[in-house]
1. Among the listed residues PHE260, PHE254, identify the single one that is aromatic (Phe, Trp, Tyr) and within 20 Å of ILE158 (Cβ to Cβ).
2. Anything in the stretch 284-302 that is over 12 Å from GLY38 (Cα atoms) and among the hydrophobic types (A, V, I, L, M, F, W, C)? List them, or say none.
3. Check off (1) without any contact (Cβ under 8 Å) to a residue 12 or more places away in the chain; (2) more than 18 Å from ASP43 (Cβ to Cβ); (3) of a type outside the set (Gly, Ala, Ser) for ILE251 and give me the number that stays unchecked.
4. May I ask you to list the residues in the stretch 174-193 that are under 29 Å from ILE278 (Cα atoms), free of Cβ contacts under 8 Å to residues at least 40 places away in the same chain and hydrophobic (A, V, I, L, M, F, W, C)?
5. So, VAL147, is that one touching a Leu at 6+ places or on another chain (Cβ under 6 Å), crowded, with 24+ Cβ neighbours inside 10 Å and part of a helix (DSSP H, G or I) or not?
6. Could you pull out the residue among GLY28, GLY62, GLY38 that is surrounded by fewer than 16 Cβ atoms within 10 Å (Cβ to Cβ) and either of a type in the set (A, V, I, L, M) or within 30 Å of ASP100 (Cβ to Cβ) (or both)?
7. Could you pull out the residue among ALA152, ALA139 that is crowded, with 24+ Cβ neighbours inside 10 Å, small (Gly, Ala, Ser) and within 22 Å of VAL286 (Cα to Cα)?
8. Looking only at the stretch 1-44, which residues are at pLDDT below 90 and either assigned by TED's automatic domain parsing to the domain that holds SER144 or at positive phi (or both)?
Amino acid sequence: MKALVLHEFGDVGNLALDEVPEPVPQTGHQLIRVRSAGVNYADWHWIEGTYLRRPELPVIPGTEVVGFDAAGRRVLAMTMKAGWAEAAVAANPVVVPLPDFLSDGEALALGLQGFTAWQVLRRCGRLTRGDSVAVFGAAGGTGSLAVQLARAWGARRIIAVASTADKRELALSLGAHAAVDSNDDDLAGALREANGGRPIDLILETTGGKTRDACLSSLAMFGRLVVFGSVTAAPSTPVAPEGLMHGSRSIVGFWASDLFHAQPLLLRDTVTGLIGLIKKGQLRPVVGGEYPLADGAKALEAITSRGTVGKLVLKVGEPGN
């Protein structure tokens, strides 16, 4: 079978479309004939060799696929790795049958990114009705869903943070009440201004460096800063735990891979909930682009250039395969 294989860390040029043996599922797993695969920022960290859990080489990237199981059902599956291939293996608990009204791209948006958006708001951020919420990367795969989920779950004010006017406009169209330029020289001031001059209850942040510092200084009493990524290599200012006592603030980290391994059935529950919101018209996954499998490097370059929105998809197999 064909697969996109990483042979050396450091650059997307180290990806090659190779012929590799088809995987054999172990007990409790199943083989998925892949039609489409998701692209995530985490895949770039795999390529760089900076992912939190560094894989052994050679390795096939890709953590989520849409394809067909042995019974011919179209399913969303979390593969954890090796998804950028014509066939992949997934554990039974992380394989979810899909309704016909979802396209492959929309379904893939509910995988890593939909799961993350749900968990950072509900589990980590403890969102309650009436909270103010700032969402960084608000036009991206996770951020665009988080904006809509916060709206559906009763957030009082949703502040979208994004780097371009087009991205901020998209986030506003998805339900954000205000939008802030992530490149603003006074980011903390801009966040407060967008919240009517008040500090913010919950901030979802993925950038790091000075941006994280600005977020922490923008938190309200009992405010929560949820960190689930670090786009920049620049370090943020170290935080002493006792420094959080003033204002009773908290910083919470989230890594989806940990939760997939510890509680895999949560994926089914989360995707089921997300599909329910789509049926109600409260959620609209944004698909930002599709690429053939051979162009996986181009998809990664697009996502790391920060010029994309929504979910990026690799088209792997033919329709109905």
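1. Numbers: PHE260 fails: within 20 Å of ILE158 (Cβ to Cβ).
Criteria check complete, one pass: PHE254.
2. Here is the first cut: in the stretch 284-302, the ones over 12 Å from GLY38 (Cα atoms) are 284-286, 294-295, 297-298, 301-302.
Across the stretch 284-302, the qualifying residues are VAL286, ALA294, ALA297, ALA302.
3. Checking ILE251 against (1) without any contact (Cβ under 8 Å) to a residue 12 or more places away in the chain; (2) more than 18 Å from ASP43 (Cβ to Cβ); (3) of a type outside the set (Gly, Ala, Ser), the one that fails is (1).
4. Restricting attention to the stretch 174-193, the residues satisfying the condition of being under 29 Å from ILE278 (Cα atoms) are 174-182.
Restricting the remaining residues to those that are free of Cβ contacts under 8 Å to residues at least 40 places away in the same chain gives 175, 177-178, 181.
Once the filter is applied, which keeps residues that are under 29 Å from ILE278 (Cα atoms), free of Cβ contacts under 8 Å to residues at least 40 places away in the same chain and hydrophobic (A, V, I, L, M, F, W, C), the stretch 174-193 yields only ALA178.
5. Details: touching a Leu at 6+ places or on another chain (Cβ under 6 Å): yes; crowded, with 24+ Cβ neighbours inside 10 Å: yes; part of a helix (DSSP H, G or I): yes.
Answer is yes for this residue.
6. Numbers: GLY62 fails: surrounded by fewer than 16 Cβ atoms within 10 Å (Cβ to Cβ); GLY38 fails: surrounded by fewer than 16 Cβ atoms within 10 Å (Cβ to Cβ).
That would be GLY28, the only listed residue that is surrounded by fewer than 16 Cβ atoms within 10 Å (Cβ to Cβ) and either of a type in the set (A, V, I, L, M) or within 30 Å of ASP100 (Cβ to Cβ) (or both).
7. Values: ALA152 fails: crowded, with 24+ Cβ neighbours inside 10 Å.
Just one listed residue meets the conditions, ALA139.
8. Within the stretch 1-44, GLY10 is the sole residue that qualifies.
The values are calculated or read from the model by the stated rules, or taken from the named source; none is laboratory data. Keep in mind it's a predicted model, so treat the numbers as computed, not measured. Quick reminder, even Gly has a Cβ in these numbers, built from the backbone with ideal geometry, and neighbours come from all protein chains shown.
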